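Q: Pasting in a structure now, in structure tokens, and then I'll have a few things to ask.
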Protein chains: 2
Amino acid sequence: MSRFAARVEVTLKAAVNDPQGNAVLGGLHSLGFSGVRAVRVGKLLTLEIEAPDEEDARRQADEMCAKLLANPVIESYSAQITDAP
Amino acid sequence: MSRFAARVEVTLKAAVNDPQGNAVLGGLHSLGFSGVRAVRVGKLLTLEIEAPDEEDARRQADEMCAKLLANPVIESYSAQITDAP
């Protein structure tokens with residue numbers, strides 16, 4: 001078994017309203033950042049996975065995204081595997 | 001004025017405890033992903049910024065991170081600017 005690092009990005013789909021992003025946008029405007037036009041907030045997860053090989057680690061990461069890390073109805077995800085954590 | 005897209009990554013510093021990451025780790029174990037050893041959860045923000053040039057957009061993005069998007073005491077951040085949103 002080797003240890004792999006996975007980097008998972010979860011973002012809201014473009015058509016989905018993002019209240020958290022809108023709150024951040026309002027906060028930035030209040031602070032005087034008037035040039036900001038839009039903000040979207042997503043998640044960035046880093047995982048350490050023990051797996052026999054990189055292919056298996058990638059398969060596991062994709063399955064984790066589909067089952068728990070992302071909500072595929074409203075979110076998109078991508079998982080990258082790197083060798084060392 | 002041109003419009004730039006900024007990609008901001010905010011992650012907890014290594015020494016800081018991550019209860020959200022630990023909750024996700026527990027959830028993954030419950031689902032049978034026993035090979036997962038650690039999970040850290042961070043934020044991934046995408047912003048659209050109107051600025052005279054890329055240099056100014058970068059300066060604004062860094063300032064937003066320091067003032068609102070990240071808590072520099074416990075979080076690290078990095079901002080990248082790309083031309084088109």
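Q: For residue B:38 and residue A:53, FRET efficiency with R0 = 22 Å and r from the beta-carbon atoms, rounded to 0.05? Show your work: numbers first, answer last.
A: Details: r = 19 Å, r/R0 = 0.89.
Once the sixth-power term is evaluated, E becomes 0.70.
Q: Among the lysines, select those whose C-alpha is under 22 Å from the C-alpha of residue A:13, and discard any that sit fewer than 8 residues away in the same chain.
A: Within the straight-line limit of under 22 Å, residue A:13 reaches these lysines: A:43, A:67, B:43.
Q: Rounded to whole Å, how close does chain A get to the rotation axis onto B by Cβ? Give me the residue too, please?
A: Residue with the nearest Cβ, plus whole-Å distance, for chain A: A:44, 2.
Q: Let me have the 222 nm mean residue ellipticity of chain A computed from DSSP H runs of 4+ only, each contributing -39500 (n - 2.57), with the sum over all residues rounded to the nearest 500.
A: -8500 deg cm²/dmol
Q: So for the pair residue B:75, residue A:78, with labels modelled 7 Å out along Cα→Cβ, what separation do we get in nm?
A: 2.2
Q: Keeping every protein chain present and rolling a 1.4 Å probe, give me the accessible area per residue for segment A:2-82 in Å².
A: 49
Q: Return one number: the angle in degrees, 0 to 90 and rounded to the nearest 10, between the long axis of the Cα atoms of helix A:19-30 and the longest principal axis of the Cα atoms of chain A.
A: Helix A:19-30 sits at roughly 50 degrees to that axis.
Q: For chain B, which whole percent of the accessible surface, found with a 1.4 angstrom probe, sits on carbon and sulfur atoms?
A: 52
Q: Quote the charge dipole size of segment A:7-78 about the Cα centre in Debye, to the nearest 20; the model charges only the Cβ of Lys and Arg (+1) and of Asp and Glu (-1). Can you show the working numbers first?
A: Details: 8 positive and 11 negative charges, 128 e Å.
With Lys and Arg at +1 and Asp and Glu at -1, about 620 debye.
Q: Please give the helix A:54-64 orientation as an angle from the longest Cα principal axis of chain A, in degrees from 0 to 90, rounded to the nearest 10.
A: It is inclined by approximately 50 degrees.
Q: Right, another one. Find the centroid of the Cα atoms in segment B:1-15 and in segment B:20-85, then give the distance between the two in whole Å.
A: What the calculation gives is 6 Å, centre to centre.
Q: Here is a follow-up. Report the residues of segment B:54-80 in range of a label on residue A:5: point 7 Å along Cα→C-beta, backbone N strictly under 17 Å from it.
A: Backbone N within reach: B:76-79.
Q: Here's another thing I want to ask about it. What total accessible surface area, summed over both chains, is buried at the interface between chains B and A, computed with a 1.4 Å probe and given in Å² to the nearest 100?
A: Rounded to the nearest hundred, the buried surface is 2700 Å².
Q: A follow-up question, please. Assume the label is 7 Å from Cα along Cα to beta carbon: what separations in nm does residue A:15 have to the matching positions in the other copies?
A: Output for residue A:15: 4.7 nm, nearest copy listed first.
The values are calculated or read from the model by the stated rules, or taken from the named source; none is laboratory data. Since the structure is predicted, the reported quantities are computational estimates derived from the model, not experimental observations. Ideal geometry is used to build each Cβ from the backbone, glycine not excepted, and the neighbour counts take in all protein chains shown. These accessible areas exclude ligands, DNA and RNA; they are computed on the full protein's heavy atoms, side chains included. Shrake-Rupley method; radii C 1.70, N 1.55, O 1.52, S 1.80 Å.
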